[in-house]
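First the structure, in the form of structure tokens, and then the observations on it.
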Amino acid sequence: MSPEPTITSLPPDAHCYRILMRTPIAQVTPASGSAEIAGWVHEVRDLGGLAFMLIRDRTGIIQVTIPKKKVSEQVLAAVKAVSRESVVRVSGPVKAIDKAPGGRELVPESIEIISLAETPLPLDVSEKVPAELDTRLDARFLDVRRPRVAAVFEIRSAACYAINQFLHDAGFTAITTPKIVAAATEGGTELFPIAYFDKEAFLNQSPQLYKQMMMAAGCEKVYEIGPIFRAEEHATTKHLNEATSIDIEVSFADHLEVMRILENLIIHTYGYVEKTCSAQIANIGVEDFAVPKAGFPRLPYAEAIEIAKKGIEEPIKYGDDISPAAERAIGAEMGGHYFIVDWPSEIRPYYAMQHENDPSICKAFDMMHPRMELSSGAQREHRYDRLVQQIKQKGLNPGSFEFYLKPFRYGMPPHAGWGLGADRLVMTMLGLSNVREAVLFPRDMHRLVP
RNA sequence: GCCCAGGUAGUGUAGUGGCCUAUCAUGAUUGCCUGUCACGCAAUCGACUCGGAUUCGAAUUCCGACCUGGGCGCCA
């Protein structure tokens, strides 16, 4: 047994390890005595005989105070040479002082410029001057240095953790399904074609068919959090060509059961974020953060249409899709998260199970935030003959669905599931005006870089 | 794809035919300043998306292209 390696056992030329040896800024207190910190130069204020540098790492900001007559030549040269957003390491004694932000400041014995930032910067990290989203996304690595922006992604991470935790604890198996697929087994959304050796292939629009195959595989409860790709040429604040989808599929469950799971998941996720991310929520400036109350209304589609009729000018009738304006009108009436249930079979996909007593409506649902749709799902038709019949009813050719249909011939349990848009979940949770704010490197019709 | 609004220093903006050698803020450079915290002061630097047209004269009007934002459509 060799001893556990330590930092000091590393070769002396392993400079990179020394960089790790610094105190996170939030942990620097007057009680620290002296500290070695590393981070980005947030601002420099030179008052003549006295200069202040604000140093920022992901944990916070600290003031470094430089009394010019009392510090070394090396420190003076570094203060003069450094630019905003450069990476520096600073070490020296920590002093308690009321005048300094956070009640403490660091007086440097040494300042090392690890990486000098070019000037001028593509955007103002200190937020004195705003920047448009397009400018921010072009320099996303600088944009995310702004604590208010980083907070969004810390919350997104916490939300994903909560979702994984909830589903894992509920007995779900996490799966990963292929994103490169041979063909669409349905019409509908446009797919991105890709070059796959000498074959035609596409980026997958949804893990749906694979989730269902896992029901035939006997896994009973599966989930996946992963990317989906849609080649639609839409340009809106809530659509992306690459999105993150949270998908579940459950055997021996109906649509009502998976709706309960979804509702509980949303409440759990909000609750976890509220509990663990209060600083980030405050930082972003969300004032009305509230965990949704249990018992999301189950609004039948027919009633939703009636509400929409009263709320909007454009004509809308039973059998129409719900337009964005109708979505907003219904959302305003409902005031919180809600489900739309009992959709006309005609406007839902072939795989949705129809009601026994009224085949004109089906066991599909959407879960809505007052601003927009977050999730859609259904109890699936698991009976082979019915499924083939429904494919034909949609005017589609069952022959081209063989890949999808095969598992249904060898013992497919009844099952239901849904897909939930992770990006929209974060967007609506934090009241962001554009879904791109909730995505580090969004992909839309016009943006492929960075 | 359609409709609307836009495109002015690194960033965010003002400027609707001559008063523009283009405003303000921030920034960058240089100098002064010992308690700043959007530090202050002084000087300097830095821009009209591209192409065509109208006009004595275009940042400003018109046409086209490209790009951006918003709305719609599309989004099993």
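Quick note: the coordinates plus some simple rules give every number you see, no bench work behind them. Just so you know, these numbers come straight off a predicted model, no measurement behind them. Virtual Cβ from ideal backbone geometry, glycine too; neighbours counted across all protein chains shown.
Computed quantities for the displayed model
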{"read-out": "Karplus-derived 3J(HN,Hα), 6.51/-1.76/1.60, for each residue of the range A:432-437, Hz, glycine and proline x", "value": "6, 7, 9, 4, 4, 5"}
{"read-out": "Distance between modelled label sites at A:Lys99 and A:Glu346, nm, 7 Å Cα→Cβ extension", "value": "7.7"}
{"read-out": "C-alpha center-to-center spacing [the range A:97-155, the range A:58-77] in angstrom", "value": "17"}
{"read-out": "Mean Cβ count within 10 Å, highest first, over the residues of peptides A:239-249, A:340-350", "value": "A:239-249, A:340-350"}
{"read-out": "Built amide H within the under 5 Å cut-off of A:Gln205, gap 5+", "value": "A:Phe229"}
{"read-out": "Antiparallel bridges, percent of DSSP beta bridges restricted to chain A (to nearest 5)", "value": "90"}
{"read-out": "Only Lys, Arg (+1) and Asp, Glu (-1) charged, at Cβ; chain A dipole about Cα centre in debye", "value": "1140"}
{"read-out": "Model label zone, A:Leu50; criterion: amide N under 11 Å from point 7 Å along Cα-to-beta-carbon; scope the range A:90-119", "value": "A:99-100"}
{"read-out": "Vicinal HN-Hα couplings computed from phi for the range A:211-221 (Karplus, 6.51 cos²θ - 1.76 cosθ + 1.60; Hz; Gly/Pro x)", "value": "4, 5, 4, 6, 6, 5, 7, x, 7, 6, 9"}
{"read-out": "Inter-probe distance in nm under a simple model that places probes 7 Å from Cα toward Cβ, at A:Thr29 and A:Ala290", "value": "3.7"}
{"read-out": "In sequence order, calculated HN-Hα J values of the range A:128-144 (Karplus, 6.51, -1.76, 1.60; Hz; x Gly/Pro)", "value": "6, 10, x, 9, 6, 4, 4, 5, 5, 5, 5, 10, 4, 4, 7, 4, 6"}
{"read-out": "FRET efficiency, A:Ala279 to A:Val449 (Cβ-Cβ, R0 30 Å, nearest 0.05)", "value": "0.40"}
{"read-out": "Shape call, the range A:227-275: gyration tensor on alpha carbons, a/c limit 1.5", "value": "oblate"}
{"read-out": "Partner lysines for A:Lys69 [C-alpha distance under 19 Å; skip if fewer than 8 residues away on the same chain]", "value": "A:Lys80, A:Lys95"}
